[in-house]
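Engineer: My structure is below; once you've seen it, I'll send some questions.
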């Protein structure tokens, strides 16, 4: 059995469609379909139920997925077994959007120099979704907003940076922050997100209840809307906010307790310890 076919099956299940899986794997949809059909012939039962543009796993497929993932993972580790330094192979790294555009490019360049045989696979997502992926064993590490709860003992947390809360507006105003939050349209950093809860606490502590124009868990989009004059916002001073400094006025609030913490979370027990060490070393250069 070709383990690449198993990998394609896993990708289809994770993506929810053959077309999406094909884009992720850089193949045609026909090639992915042929791989699934080959697996079905070998195993003797249906793996996917195709409804319109979606593909749902059969009960049999769901039952074999854990072993299939284990097989694919073990095969991916083979190349690293002959590398005494343990820096050869794939490392799946989850990252929130601001890390993708701010911190990660420099980190990846550094990792390429430190470990040229290491292949980072970057998985974007929200802090909550990346944390769930870590728990499910789908990621080797994730860079995200620190969870609002204590981590289980199976996970390790490495602090990267503190991002203080700032006030974002299109231009400087004679009115103070409190007045602007009361009178201007408010573009709200989603209070249900792990990062957005800090801005919400700042509002509550100051007795402010601005009416939200929109809720977003996308800081670059919030900055874009503010730069267009649609409102004001409270956001963390994320790595990459500098590119918006010429289009927006950024005002420090002087309240560190409302900042968000960006952390690297990884399993305590891992088969890629040297790779994770290289990632941590690269991140610490730009924290």
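Computed from the coordinates by the stated procedures, all read-outs in this text should not be read as laboratory data. Everything numeric in this text was worked out from a predicted model, so none of it was measured. Please note: Cβ atoms are built from the backbone with ideal geometry, for glycine as well, and neighbour counts cover all protein chains shown.
Engineer: In terms of the ratio Rg/(2.2 N^0.38 Å) built on C-alpha atoms, what value belongs to the stretch 165-258?
Structural biologist: For the stretch 165-258, the normalised Cα radius of gyration is 0.95.
Engineer: Take peptides 192-201, 278-287, 47-56 and line them up by average Cβ neighbours within 10 Å, highest first, as a rough protection proxy.
Structural biologist: Those peptides, ordered most packed to least, come out 192-201, 278-287, 47-56.
Engineer: What's the ranking of 179-185, 88-94 by average number of surrounding C-beta atoms within 10 Å, highest first?
Structural biologist: Result, highest mean first: 88-94, 179-185.
Engineer: Give me the percent of DSSP beta bridges within the stretch 165-258 that run antiparallel, rounded to the nearest 5.
Structural biologist: If we restrict to bridges inside the stretch 165-258, about 60 percent are antiparallel.
Engineer: May I ask you to sort 153, 119 by Cβ crowding, counting other Cβ atoms within 10 Å and putting the fewest first?
Structural biologist: 153, 119
Engineer: Oh, and also: Need one number: convex hull volume per residue for the stretch 1-144, Cα atoms only, in Å³.
Structural biologist: In the stretch 1-144, the Cα convex hull volume per residue is 127 Å³.
Engineer: By average Cβ neighbour count within 10 Å, what is the ranking of 63-70, 103-110 from highest down?
Structural biologist: The packing order, highest mean first, is 103-110, 63-70.
Engineer: Now, a different point. Run the simple label-point estimate for residue 243 and residue 34 please: 7 Å along Cα→C-beta, distance reported in nm.
Structural biologist: Simple spin-label model gives 3.9 nm for this pair.
Engineer: Another question about this same structure. Just to verify a number: FRET efficiency for residue 70 and residue 23, C-beta to C-beta distance, R0 = 25 Å, to 0.05?
Structural biologist: E(calc), rounded to 0.05, equals 0.50.
Engineer: Which percentage, to the nearest 5, of the DSSP beta bridges contained in the chain is antiparallel?
Structural biologist: Antiparallel bridges make up about 60 percent of those DSSP assigns within the chain.
Engineer: Right, something else. Give me 202, 186 ranked fewest to most by other Cβ atoms within 10 Å of their Cβ, as a rough exposure proxy.
Structural biologist: Fewest-to-most Cβ neighbours within 10 Å comes out as 202, 186.
Engineer: Moving to a separate point now. How high is the relative contact order of the chain, in percent, with contacts defined as C-alpha pairs under 8 Å that are six or more residues apart?
Structural biologist: After rounding, I find 21 percent.
Engineer: I would also like to ask the following. Restricting to DSSP H runs of at least four residues, report the calculated mean residue ellipticity at 222 nm for the chain, -39500 (n - 2.57) per run over all residues, nearest 500 deg cm²/dmol.
Structural biologist: -12500 deg cm²/dmol
Engineer: Right, another one. Working from the pairwise distances between different alpha carbons, so that the mean of 1/r is found and then inverted, what is the stretch 1-82's Kirkwood radius in Å?
Structural biologist: 12.9 Å
Engineer: Computed over the Cα atoms of the chain, what is the ratio Rg over Rh, Rh following Kirkwood?
Structural biologist: Using only Cα positions, Rg/Rh for the chain is 1.04.
Engineer: Subtract the Cα-Cα distance of residue 281 and residue 135 from 0.36 nm times their separation in residues, and report this length gain in nm to one decimal.
Structural biologist: Going from the current span to full extension adds 50.2 nm.
Engineer: Normalised by the residues of the stretch 121-271, what does the relative contact order come to in percent, with Cα pairs under 8 Å and at least six apart?
Structural biologist: 42 percent
Engineer: Test of understanding: what is the full-extension gain from residue 228 to residue 154, defined as 0.36 nm times their sequence separation minus their Cα-Cα distance?
Structural biologist: Gain in length upon complete extension: 22.2 nm.
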